[in-house]
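The values are calculated or read from the model by the stated rules, or taken from the named source; none is laboratory data. Computed from a predicted structure; not experimentally measured. Cβ placement follows ideal geometry from the backbone for every residue including glycine, while neighbour counts extend to all protein chains displayed. Heavy atoms of the whole protein, side chains included, go into the accessibility calculation; ligands, DNA and RNA do not. Shrake-Rupley method; radii C 1.70, N 1.55, O 1.52, S 1.80 Å.
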Amino acid sequence: MPQSFFQAGDDSKLTASLSVSQLNGKAKALLEQGLAQVWVEGEVSNFMASAVGHWYFTLKDARAQVSCVMFAGRNQLALHQPKNGDQLQLRGQVSLYEGRGQYQLLVQELRLSGEGDLLARLEALKKKLQAEGLFNPEHKRSLPAFPQRIGVVTSEQGAALRDILQVLKRRWPLAEVLLYPAQVQGAEAPAALRRALAQAQYHGQPQVLLLARGGGSLEDLQAFNDETLARMVAASGMPVVTGVGHETDFSLVDFVSDLRAPTPSAAAEAVSPDAETLMEQLNSLSGRFSHAMASYLRREQQHLDSLSLRAANPQRVLEARTQTLTRLYQRLIAQQPQRRLEQIRLQLTGLQGRLQATSPQRQVARHQQRLAELKQRTARACEQSLSHRQEKLQNLATRLQAISPLQTLARGYALARNQEGQVLRSAEEVGPGDRIQVQLATGELDCRVQHSSTQRTG
């Protein structure tokens, strides 16, 4: 039972006190009723993800702070995991953790500051293009099954390009890769992407085009939400496959493209058949063809053998007819004059010639000769087809190898980068003591600059 206290005064009354749990419970109810849903903006600090997936952090500004928690069931829907220093906009419910008597914000939705306006503009633009029919499935073009030229619009220095080239080299080395470099982030990125896309459309010959970049925040991907770029993708004369960001990232070009892939690597896989699988299928078809041809030839041989067995023995037929003719001849000798006998002799000679001309043995011999010719022609055709395909495969592989960026390194050149990974083009960009990485045809060197000079050589 709670203890009782007396309040001094003329009207002293006996008042029942609240336990701490009861007090915190009432305070929690008042907070949750008075501030059911609020939006709060501030900076993240003390972020921690628990073992069961809950997020705990503090949201602060210059004068105050508030504890926040976003439970695992809610944070799975978040596009980004916050980190210390992020400026966030949070939607949540004010509550109180009764165990410590500490009020906190139960976060239901979060986004980076500034994303709200971007998302609103993006949604409005999306509805506009959708109303024009640019997202309709009937406008989607099918991808070529075996593309010989694949265009890529992306940053020349980005990891997305390396991932795409690795996938294409592994799966479909026969294709020629045409790179149209463009800036993919920043204020100048939309114009750069439009120029690269226009160059691919009007000055290149790719059969399919990849539009790609690595992951990033909504602001980082904003160039791919450009309305003019989206309309150019929709009006493209060749199929366009987008691989922008990660699996959870969506941009405007994803909706108007012919196929949206979750990552740049997945986009490269979508446009490239697997050469190893195709070779296995070709070998399987070749084996099936050889087996079918062998079965056909065996059936024809069996049919000829059957005809030979069913056909009457020409020698016996000849003997029987000879006996008949002999009897007739004897009768003629006895009954007819010499002239009639000569006519019969002539008829006999003609019948013998016709019998020999229609002999089943000759027919069997002709069919066997025809069968042998078919076998030889089939074998030559198979050899010529396989030789042609192997020669074509080798030529395409040689062409791909000739234009490979790695060939430049193989000839003794090297690629130098500073500690930020940027390519060095002048000795003025580094000084003595700076560390640089030098990429060779095989492996990399970690070097330190002792002396630099801008004097040109050669």
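Taking 0.36 nm per residue of sequence separation and subtracting the Cα-Cα distance, how much length would be gained by fully extending the chain between ARG331 and HIS303, in nm to one decimal?
Values: separation 28, 0.36 × 28 = 10.08 nm, distance 4.35 nm.
Length gained, ARG331 through HIS303: 5.7 nm.
Just the number please: accessible area per residue for the stretch 228-273, 1.4 Å probe, all protein chains included, in Å². Can you show the working numbers first?
Working: 1460 Å² over 46 residues.
Computed with neighbouring chains in place, this is 32 Å² per residue.
For ARG316 and ARG448 in one chain, what is 0.36 nm times their gap in residues minus the Cα-Cα distance, to one decimal in nm? Working shown, then result.
Values: separation 132, 0.36 × 132 = 47.52 nm, distance 10.33 nm.
Here the segment from ARG316 to ARG448 would lengthen by 37.2 nm.
Tell me the relative contact order for the chain as a rounded percent, counting alpha carbon contacts under 8 Å between residues six or more apart.
On the way: 622 pairs, mean separation 39.2, N = 458.
Relative CO of the chain lands at 9 percent.
In nm, what is the difference between 0.36 nm times the number of residues separating ARG195 and ARG435 and their Cα-Cα distance? Write out the running numbers ahead of the final one.
On the way: separation 240, 0.36 × 240 = 86.40 nm, distance 3.57 nm.
Length difference between fully extended and current span is 82.8 nm.
In nm, to one decimal, how far is the SER67 label point from the LEU396 one, both placed 7 Å along Cα→Cβ?
Roughly 6.4 nm, to one decimal.
Set Lys and Arg Cβ to +1 and Asp and Glu Cβ to -1, take the dipole of the chain about its Cα centre, and tell me which of TRP39, LEU209, PHE135 lies farthest positive.
After comparing all options, I get LEU209.
Grab the chain and count how many Lys pairs have their alpha-carbon atoms under 19 Å apart, sequence gap of 8 or more, or different chains.
For the chain, qualifying lysine pairs total 5.
In nm, give the distance between the simple-model label positions of ALA235 and ALA29, each being 7 Å from the Cα along the Cα-to-Cβ direction.
6.5 nm
Can you compute the modelled spin-label distance between ASN136 and SER21, with each label point 7 Å from Cα toward Cβ, in nm?
6.6 nm
Which of these values of P(r) over Cα pairs in 20 Å bins from 0, in percent was calculated from the structure shown: (1) 19, 37, 29, 13, 1; (2) 25, 57, 17, 1; (3) 15, 28, 23, 14, 11, 6, 3, 1, 0?
Checking each listed value against the structure points to (3).
For the chain, what is the percent of antiparallel DSSP beta bridges, rounded to the nearest 5? Each step should come with its number before you reach the end.
Values: 39 of 59 bridges.
Within the chain, antiparallel bridges account for around 65 percent of the total.
Could you tell me the distance between the Cα centroids of the stretch 275-320 and the stretch 167-192, to the nearest Å?
Result: 54 Å between the Cα centres.
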